[in-house]
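Q: Below is one structure. I have some questions about it.
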Amino acid sequence: NKKPHAVRQHKTHCLRIMIHENREMVYSLIGIRRLEMMRMKVLNADIVDLWKQGEIVCITLSLEVRYKEMVGIIDRGNALAMGRIIPGLASLVGHCILQKRGEVAYITERLIAFYTKPAWDRFEHGLPDEIHRYNWGHKIPGSHCIADPVIVARSARQLLRLVDREKPKRVYLPVPGVGDGALDVEDIQEALQVLEKEPRIILVSNRRIE
């Protein structure tokens, strides 16, 4: 007989916690050493400052669009910081998501949309500081969700294609999914392996990455 939905969800949640707490052993079993995973070059810089200096930068976003206002969501992290200096950025993001169908693309001059979160997700994927807003079983808006490693890796491949096509001198990308996305560095290894193939893509962070 099928177990009740709530029981299955609870067991899944417990399994995720167990894997997270024992991830060193798990990585060892699958042949990945943590020291190898942590080797990534990150420039200590602020994405807003780089954009002001004339550089091409990415902001990390969810695929959420509020259709009534036709705007994307820029209420956290580097997207919020850029929204404070670019008028109408939320509207530009919304149109970019819809017109480009969620593909990594230029939002406006020297600013690229890099997606790390879905349009919405299940309750158990809500951010710890936002989950109190919702009840069990509710769909959580993407901006209030933990980043999705699959979406991060997908965006990494799309950014590589964009760089290959447009041939910019360099592109600065905030470490995707980590920080406000609540992922650990080991969660985005697939994306990092993709991004390291392109030296013109430079990872940046204005905070320490654990």
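The values are calculated or read from the model by the stated rules, or taken from the named source; none is laboratory data. Quantities reported herein were computed from a predicted structural model and do not represent experimental measurements. Quick reminder, even Gly has a Cβ in these numbers, built from the backbone with ideal geometry, and neighbours come from all protein chains shown. SASA here: full protein model, heavy atoms, side chains in, ligands and nucleic acids out. Shrake-Rupley method; radii C 1.70, N 1.55, O 1.52, S 1.80 Å.
Q: How long is the gain from residue 95 to residue 161 if the chain were fully straight, where each residue apart is worth 0.36 nm and the alpha carbon distance is subtracted? It would help to have the intermediate numbers written out before the result.
A: Values: separation 66, 0.36 × 66 = 23.76 nm, distance 2.09 nm.
Difference between extended and current length: 21.7 nm.
Q: Between residue 43 and residues 5 or more places away or on another chain, which pairs have amide H atoms under 5 Å apart, with H built 1.01 Å from N, and which residues are they?
A: 203, 204, 205
Q: I would also like to ask the following. Could you tell me which GluC sites (Glu not before Pro) in the stretch 100-178 are loop residues by DSSP with no more than 12 other beta carbons within 10 angstrom of their beta carbon?
A: In loop regions of the stretch 100-178 (DSSP not H, G, I, E or B), the sparsely surrounded GluC sites (Glu not before Pro) are 109.
Q: Can you pull out the chymotrypsin sites (Phe, Trp or Tyr not before Pro) in the stretch 131-196 that DSSP calls coil and that have at most 13 other Cβ atoms within 10 Å?
A: Taking the stretch 131-196 and a limit of 13 other Cβ atoms within 10 Å, the loop chymotrypsin sites (Phe, Trp or Tyr not before Pro) found are 136.
Q: ³J(HN,Hα) across the stretch 78-93 via Karplus (A = 6.51, B = -1.76, C = 1.60, θ = phi - 60°), whole Hz, x for Gly/Pro?
A: Per-residue couplings from phi come out as 5, 5, 4, 4, 5, x, 6, 10, 10, x, x, 4, 4, 5, 4, 5 Hz.
Q: Another question, then. Full extension from residue 130 to residue 53: what is 0.36 nm times the residue separation minus their Cα-Cα distance, to one decimal in nm? Each step should come with its number before you reach the end.
A: On the way: separation 77, 0.36 × 77 = 27.72 nm, distance 3.37 nm.
Value of the extension gain: 24.4 nm.
Q: Next up: Rounded to whole Å, give me the distance from the Cα center of the stretch 148-209 to that of the stretch 47-71.
A: That distance is 15 Å.
Q: Follow-up question, since we're still on this one. Report the accessible area of residue 116, computed with a 1.4 Å probe over the heavy atoms of all protein chains in place, in Å² rounded to the nearest 10.
A: 10 Å²
Q: Would you mind checking the pairs 41/117; 41/68; 68/167; 68/100 and listing those with alpha carbons more than 30 angstrom apart? Could you put the intermediate results ahead of the total?
A: On the way: 41/117 23 Å; 41/68 41 Å; 68/167 36 Å; 68/100 19 Å.
The answer is 41/68; 68/167.
Q: Might you tell me the accessible area per residue for the stretch 54-129, computed with a 1.4 Å probe and given in Å²?
A: In whole numbers, the stretch 54-129 has 46 Å² accessible per residue.
Q: Which FRET efficiency, nearest 0.05, do residue 106 and residue 208 yield, Cβ-Cβ r, R0 35 Å?
A: The pair residue 106/residue 208 has a calculated efficiency of 0.70.
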